[in-house]
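What follows is a set of notes on a single structure, which appears directly below.
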Amino acid sequence: MNIALVIVKYAGCILEVLLSDYFFRTFQERRLSRRSHCAILAAVALLYGTGVSLAQADYVMFTVGIVATLAIACCYRFRWYNTVFMALIFSVMSGLSEMIVMWIITMDGKNFTEIDTDLYAYISGLLTAKIITYCVALIIRKAKHKSFQSVKGSGFIGLTALPCSSIIVSLIFSHALIGSTIELPWKIMAVFATVFLLAANVAIFYIVDRQYELISSKEKFKASQALLENQRQYYEDVFQSQQEIRKTRHDLKNIFIALLGALNAKDTPLAKEMIQRKLDELGQSLDLSGDSCDMIDSILHAKVKDAQRQNILLEVTKKVDQPLVIDHLDVSVLIANLLDNAIEATSAVKEQRKIFFSILTDKDSLIVLSCNPTVNTFKGRPPESTKKDKKHHGFGLLSVQSIVEKYHGTCHFECENGIVTTTTVLHNQ
């Protein structure tokens, strides 16, 4: 075997590993430290290069490439099905790029078997293919596409069908065209067909983006409808509270007379009972200090009522002492989803059914803190919705993530000793 060709193949495998790592880094964080990650990349590149150098059939080399890409994808925080999909889509991007270059090189009359024997043509084709792959990955990276974390079930199977069929078509083309003589017009058509097939695989990212935006829009529309009803209920309760205050003021004289009578009769227990009962009536209020925001207040008020109906104590503190530049509807959707998750988790707990929730501003940030009990244990991200109808539920965290990304913020979940603490920070600029 030509030593120079083997070296070039190893170099190509190293470039492939680096490109796949660059591609995966667009969507998720690494699982390991930088040093461990680099060691894994080096090991995968060495094994990949050895497999490609020893393999004879195209389908064997393609399989080795997919396995190597899959190993690198496992180094990132993807779910298992996202790991498989990302490995497939990158392998398709790389494979179709090589196929395009092979078609172009054979335009001068060469066939596919002659490329491996011409070192100059092989190196030129390899570099060109990697440049094309890099450009495609760069386009996807610059467009800041969403990851496929929200795609599940039949939707994920449907998306996977395209890269899988692209792999099969590429392998069939590669096998059928080795040693064949094809006329120039058909080669030109093959180049365009392969380019369109590559573009179709890249279009998957745009499709997922549209789905992501559609889900977020539906959540906002539902939240807007709920806001109207919550605000109506909120103002009715405020009006009712004002009526109760007027009634209390009107009855204040009679209350003092009754208390004075109980004290004169030295009936201290009765006087204490009357005072405690009145304090309980006056104590059912929210701490919503700070600048008023009717939309946010109405959501908080509605969620307190929801919690009360499930015998859950929801203590809310609002200290917004700076103007909110953030869209109030986005804040309301964020708060509603966080509180829905907290109430749902707390409803499964038998004791200490209490939620602490606060929203405050600090310099150029809006901070939302939530603390609630749970029967689940998790790390990094809460489990999926426990509702039976999962097809129409489980989008709460997706909406939260969308709003967090919109305002360049962070959302951190921590579960310790049966208590979930959620810290969400949005840039209020």
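Key figures for this structure:
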| item | result |
| --- | --- |
| Residue check, Ile100 modelled with pLDDT of 80 or more and under 30 Å from Tyr212 (Cα atoms) | no |
| Residues located in the stretch 12-38, provided they are among the hydroxyl-bearing types (Ser, Thr, Tyr), open to solvent by 10 Å² or more (accessible area, probe 1.4 Å) and within 23 Å of the chain's Cα centre (by Cα) | Tyr22, Thr26, Ser33 |
| Some residue of the stretch 285-303 being modelled with pLDDT under 85 and β-branched (Val, Ile, Thr) | yes |
| Hits in the stretch 305-348 (condition: open to solvent by less than 20 Å² (accessible area, probe 1.4 Å) and either out of contact with any helix residue (DSSP H, G or I) (no Cβ under 7 Å at 6 or more places or on another chain) or basic (Lys, Arg) (or both)) | Lys318, Val320, Ile326, Ala342, Thr346 |
| Boolean, Ile140 is under 19 Å from the mean Cα position of the chain (by Cα), assigned to a helix (DSSP H, G or I), at pLDDT 80 or above and among the hydrophobic types (A, V, I, L, M, F, W, C) | yes |
| Residue pairs meeting the criteria (Cβ under 7 Å; at least 6 apart or on separate chains; first more than 17 Å from Ala129 (Cα to Cα), in the stretch 9-28; second open to solvent by 40 Å² or more (accessible area, probe 1.4 Å)) | Thr26/Arg141; Gln28/Arg77 |
| Total residues in the stretch 84-99, condition open to solvent by less than 10 Å² (accessible area, probe 1.4 Å) and either among the β-branched types (Val, Ile, Thr) or not in a helix (DSSP H, G or I) (or both) | 2 |
| When residues of the stretch 19-71 are limited to those that are among the acidic types (Asp, Glu) and out of contact with any Ser or Thr (no Cβ under 7 Å at 6 or more places or on another chain), the one modelled with the lowest pLDDT | Glu29 |
| Filter result (surrounded by fewer than 16 Cβ atoms within 10 Å (Cβ to Cβ) and under 21 Å from the mean Cα position of the chain (by Cα)) within the stretch 349-380 | Asn376, Thr377, Phe378, Lys379, Gly380 |
| Filtered residues of the stretch 39-73 (kept if over 26 Å from Ile172 (Cβ atoms) and open to solvent by 70 Å² or more (accessible area, probe 1.4 Å)) | Leu46, Leu47 |
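The values are calculated or read from the model by the stated rules, or taken from the named source; none is laboratory data. As the structure is a computational prediction, the values presented were derived from the model and not from experiment. Virtual Cβ from ideal backbone geometry, glycine too; neighbours counted across all protein chains shown. To get the accessible areas, we keep the full protein, side chains included, count just its heavy atoms, and leave off ligands, DNA and RNA. Shrake-Rupley method; radii C 1.70, N 1.55, O 1.52, S 1.80 Å.
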